[in-house]
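Report on the structure given below.
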Amino acid sequence: MKAGRTGERDILVAEIYKGWDVDLTETISRLKESLKDVEFSVHNFRGETTIIVKNGDLHKTLEFFKNDGFDYLVDVSSSHYPERGEIEVIYLIRELKSRRQIRVKSALSVENPMVLSACDLWRGADWFEREVYDLMGVIFEGHPDLRRIMMPEDFEDFPLRKQYPMEGDDEWRNFLKPGEGE
Amino acid sequence: MKKETRDLGLKTQTLTMNMGPQHPSTHGVLRIVLTLDGEVVVGAIPYIGFLHRGIEKIAENKTLHQVIPYTDRMDYLSPISNNIGLCLAVEKLINFQITEKCRVMRVIASELARISSHLIWIATHALDLGAGSPYFYAFTEREKYLDIFDEMTGVRFTVSYGRIGGLARDWEKGLDKKILNLVENTPKCIDELDRLLTRNRIWIERNQNVGVISKEEAVNLSLCGPNLRASGVEWDIRKAYPYLGYEKYKFEIPVGENGDAYDRYLVRMEEMRQSIEIVKQALKDYDEKASLWPEDIESQKSFYPPKEKVLTSMEELIHQFMVATEGPKTPKYEEIYFAIEAPKGELGFYIVGSGTNVAHRLHFRSPTFANLQALPVMLKGGMVADVVATVASLDPVMGDADR
């Protein structure tokens, strides 16, 4: 195999990252059959499958996958898109036995980022969701213990949102400036 | 004589005790609030975030090459693994194929990082439980690994060795012989530790049936790495989703049965031996004469040229400048997740491209963060003296958890 840029030949990607693209067509057709009222779109990139659902259907979809055998929650993350005014919540789930792995995501509005918690499906979602709440400000309904985890408890802002400044006076809005309060 | 029992009107109540963040046995700045009923732990709440530096936020404002030194400071006991993990993730996003020599060098470097990280773990775990000697045996051995890293990367600790598309520099002549010599002698150290601990009465008493977590709970709580395997789940990213050609090498995945601290100890000890086997096999693939950098010009433009050439040739200097300023173009709003089996567990990178060389979003799925989540389940019902053993057996690194 020649080294270098592989362009758009996705076959090579499959060779390098063996096993990441376990066939998911059956799983997706099962999802289509069992959840008839859920609208979703499927996106494939570099052998990874993403299911995009509406906010209200996220928990229902995750519950289907949990019952379908996806027993391991790998990660919960989030991403802010200021031009669309949306925050995406991304769940990455996996079945250890068959190595199936799928990403389920949903876009929430920045004004009211509320979503149902997945803590009742996977207990491991607890801290991952707390992290998303802390840094991105997404509120998980039904979460047993939604507190800040990285930032101090009296912190008011959500640092991972794009408008949070990296420098300048505004950056200090949650903290005492050096020399203050001594 | 019959003992008289009477009600003295004394009440018992639970005691809330704070442990950390400056406690020496919490391996960094981990704070646990323990609720005690006498000597028994009835509740435990871990608090993290004391070492939060906002690496994810910083990564959104730096080029992907500039993020590499920050990954050193995440899991600071195995920086090479983190570097290589990030590079592999970015290469997946921009679809870049590394050379065979680079692949072999990355395998060897990350396995050496695993061994040195596990040596630190056994040293500190034993020290926490009051065994002083293993600390010195393990640290002496680890010092030899740091010497190899020094020769390999130029730095002992925070190495920043990975580069997107390759590695920072080629190995000096004869380094592969030194590595072979080192890994051939490491089993002696592991055997010594084995003799000191494995059948030691005190070690068994302090570790067996401590911090137990069942198979189902471990999977449900997203435990990862050696901690998951110690609970009896046969799961290793190197076997499940082989990267860097791990499917070519013969090695076994040690799996525990009881999910207690003793099993986690056994799993890690065996993992070190398996890593040595991988390094030995990979060294056979190492071809000193081959080039670390790809041959064709188009690919050479995409990442850092060798340092010697930068200092002597005009074209390479321009390449260097272009890579540093422009760097790899990531596809806009396309996302990937890539995970490696780091010494602590599954280290994942979730990257959203932005159309430039800066990631729109870079999220780290750090293994220690996921592992510490299981702490309340493990501690509940145990003795207060076992808290130290349980925390140490999870092998936490707070730089990794807090990011």
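The values are calculated or read from the model by the stated rules, or taken from the named source; none is laboratory data. From a predicted model like this one, the values you see are computed outputs, not experimental measurements. Neighbour counts run over all protein chains shown; Cβ positions are idealised from the backbone, glycine included. Just the protein is used for accessible areas: all its heavy atoms, side chains included, with ligands, DNA and RNA removed. Shrake-Rupley method; radii C 1.70, N 1.55, O 1.52, S 1.80 Å.
Quick notes
- Residues that are more than 11 Å from chain B (Cβ to nearest Cβ), touching a helix residue (DSSP H, G or I) at 6+ places or on another chain (Cβ under 7 Å) and open to solvent by less than 20 Å² (accessible area, probe 1.4 Å) do not occur anywhere in the range A:71-85.
- Top-ranked residue of the range B:47-90 - restricted to ones that are charged (D, E, K, R) and more than 9 Å from every other protein chain (Cβ to nearest Cβ), ranked as farthest from the chain's Cα centre (by Cα): B:K62
- Residues within the range A:143-161 that are within 11 Å of chain B (Cβ to nearest Cβ), surrounded by 13 or more Cβ atoms within 10 Å (Cβ to Cβ) and within 25 Å of A:G56 (Cβ to Cβ), tallied: 3
- Selection of the range B:328-367 for residues being open to solvent by 20 Å² or more (accessible area, probe 1.4 Å) and more than 10 Å from chain A (Cβ to nearest Cβ) yields B:K329, B:K332, B:S354, B:G355, B:T356, B:V358.
- Whichever residue in the range B:111-135 is open to solvent by 10 Å² or more (accessible area, probe 1.4 Å) and not polar (S, T, N, Q) and, among such residues, is farthest from the other protein chains (Cβ to nearest Cβ): B:G132
- Among the residues making up the range B:71-110, those that are surrounded by fewer than 21 Cβ atoms within 10 Å (Cβ to Cβ) and over 21 Å from B:W293 (Cα atoms) are B:R73, B:Y76.
- Residues in the range A:96-107 that are within 10 Å of chain B (Cβ to nearest Cβ), in a loop (DSSP other than H, G, I, E, B) and buried (at least 16 other Cβ atoms within 10 Å of the Cβ): A:L96 only.
This table checks each residue for (1) open to solvent by less than 20 Å² (accessible area, probe 1.4 Å); (2) in contact (Cβ under 8 Å) with a residue 40 or more places away in the chain; (3) assigned to a loop (DSSP other than H, G, I, E, B).
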position: B:E205; (1), (2), (3): no, no, no
position: B:G211; (1), (2), (3): yes, yes, yes
position: B:E216; (1), (2), (3): no, no, no
position: B:C224; (1), (2), (3): yes, yes, yes
position: B:L228; (1), (2), (3): yes, yes, no
position: B:K239; (1), (2), (3): no, no, no
position: B:E252; (1), (2), (3): no, no, yes
position: B:V255; (1), (2), (3): no, no, yes
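- For the range B:158-175, the set of residues classified as outside any strand (DSSP E or B), open to solvent by less than 30 Å² (accessible area, probe 1.4 Å) and in contact (Cβ under 8 Å) with a residue 60 or more places away in the chain consists of B:V159, B:S160, B:Y161, B:I164, B:G165, B:W171, listed by residue number.
- Meeting the requirement of 2 or more residues that are in contact with an Asp or Glu (Cβ under 6 Å, 6 or more places away or on another chain), the helices (runs of 4 or more DSSP H) wholly within the range B:33-133 are B:79-94, B:100-128.
- Number of the exception - A:F140 against (1) out of contact with any Gly (no Cβ under 9 Å at 6 or more places or on another chain); (2) within 11 Å of chain B (Cβ to nearest Cβ): (2)
- In the range A:46-65, of all residues being within 14 Å of chain B (Cβ to nearest Cβ) and more than 16 Å from the chain's Cα centre (by Cα), the one that is surrounded by the most Cβ atoms within 10 Å (Cβ to Cβ) corresponds to A:R46.
- Subset tally (residues that are within 24 Å of B:V377 (Cα to Cα), in a helix (DSSP H, G or I) and in contact with a strand residue (DSSP E or B) (Cβ under 7 Å, 6 or more places away or on another chain)) for the range A:127-157: 4
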